[in-house]
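All of the numbers you see were taken from the coordinates with simple rules; none came from a lab. These numbers were taken from a predicted model, which means no experiment stands behind them. All Cβ positions, glycine included, derive from the backbone under ideal geometry; neighbour counts span all protein chains shown.
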Amino acid sequence: MSQLVQPGATRRAQLFIFVTILIDMIGIALIMPVMPALLQHVGHVDLARATVIGGWMFAAYSLAQFLCGPLIGNLSDRFGRRPLLLVAIGGLAIDYVFCALAPSIWMLFIGRLIAGICGASYITASAFMTDVTPAEDRARAFGMIGAAFGMGFVIGPAIGGLLGELGPRVPFWAAAALSGANFVFGLFVLPESLAPEKRRAFDWRRCNPLAVLKVFRGYPSVLPLTVVMVMYFFATSSYPTLWSFWGIAQLGWDELTIGITLAMFGATAALFEGVLSGPLVRWVGESRVILMGLVTGTIGAFGFALVTQTWMVAALLVFVALEGLVHPCLNALMTKQVPDDAQGELQGGISSLSNLAMLLASIFYTQIFGWFIRPEAETPMPGAPYMVTGLLLALSLFVFLRVGGWRRGGGLTAGPAAPTVAP
């Protein structure tokens, strides 16, 4: 039986979660550079058609997370964070083996559904961080999770791009091995963060994803920020959905170049989210960071739509890195409005809404992309979806200002909300 996080062991518990999510994300990122080639190979289709198929697969992944998000969050509120994390990680290892052997597009779709169900580890990890972190330090804690994602995207795509040279299925076997190692790591070192006296009875009514807004009924101050977060996720879903396909169509990238650019994205994200998020929040507050992230994200999206050289992409990746702090800062503001025994439910609700946004966005963006690069298109425009991303991020910024999000959490008027803590 697992031990609870002991008093004074918060940093160690946070490190356990950081490493767990890092290994998990390396496994996920390994397969990204080879997805276009795999879909073209298995489906015997061109790039435009493979992009549309990839969008529906991403939608299947998001649908599974949308349906299961509230369930996972509520189960973690009842049984603790540790068992849910271990089940999710172990399930991913099995799924990667399944996908490595899949002989058809439909089998890959089934694999993406399984991955979506198991991919809810982020929900439980966020609730874990909330359990062990004081309210004033949560932006930094969520930044650590973001940094784990970023570092996973440094290591994973680079390795995936190299392994992709050996065949599009090889990275799936490597991802399976990493996820299996992650499961073993968590089995031995991951503590439990939710004490039995803080757990609550499980209620199926709380797990209905179609009634997910009921999660926020008792917390009216959370709902406006949730609207901004959903809009943000819809807008930025163009990147994980299209990046590999866009790089091939607009700049002629191969698997290795795709992996390197994704690694660059991860490196900048890790720097900003893992190292700079805490000092930035202490200096200007969560709300100013959100504003700056939405502004740079808007400009950067239009830049990606118009680039003609890979070095331009590298420069933009550095410029838009601040956008990665929008999610953890919004999340931190929202957790301050919710009691400890409902943090898992909150993260499940946020995840479900975000995944619903990404589900719709993946279909939306791939249809736009497929239309603009179809063989009969007179003037191919692979960057058209990123122009849409820029417009939607600008709209997110407008809504954030209109709903008064800039006034929350010691934002523009009150200065830094959190006391100084050790980085």
Most mobile listed residue (377, 263, 175) in the chain, GNM with C-alpha springs under 10 Å: 377
Relative contact order (%) - criterion: Cα under 8 Å, at least six apart; region: the chain: 29
Test item: Cα-centred dipole of region 106-259, Lys/Arg +1 and Asp/Glu -1 on Cβ, debye: 660
Angle between the chain longest axis and helix 138-164 axis [Cα atoms, degrees, rounded to 10]: 30
For peptides 300-312, 276-288, sequence by mean Cβ density within 10 Å, most packed first: 276-288, 300-312
Point-charge dipole on Cβ atoms (K/R +1, D/E -1) for the chain, about Cα centre, debye to 20: 1000
Using alpha-carbon coordinates, inclination of helix 105-118 to the longest axis of the chain, degrees: 20
Area projected by the alpha carbon convex hull of region 1-103, averaged over all directions, nm²: 8.2
Under-5 Å amide H pairs with residue 192, H placed in peptide plane, nonlocal only: 3, 4, 5
Crossing angle, helix 255-270 versus the chain [Cα axis fit, 0-90 degrees, rounded to tens]: 20
Length added when fully stretched, residue 309-residue 374, from 0.36 nm per residue minus Cα-Cα: 21.2 nm
Square roots of five times the Cα gyration tensor eigenvalues for the chain, Å: 32, 25, 20
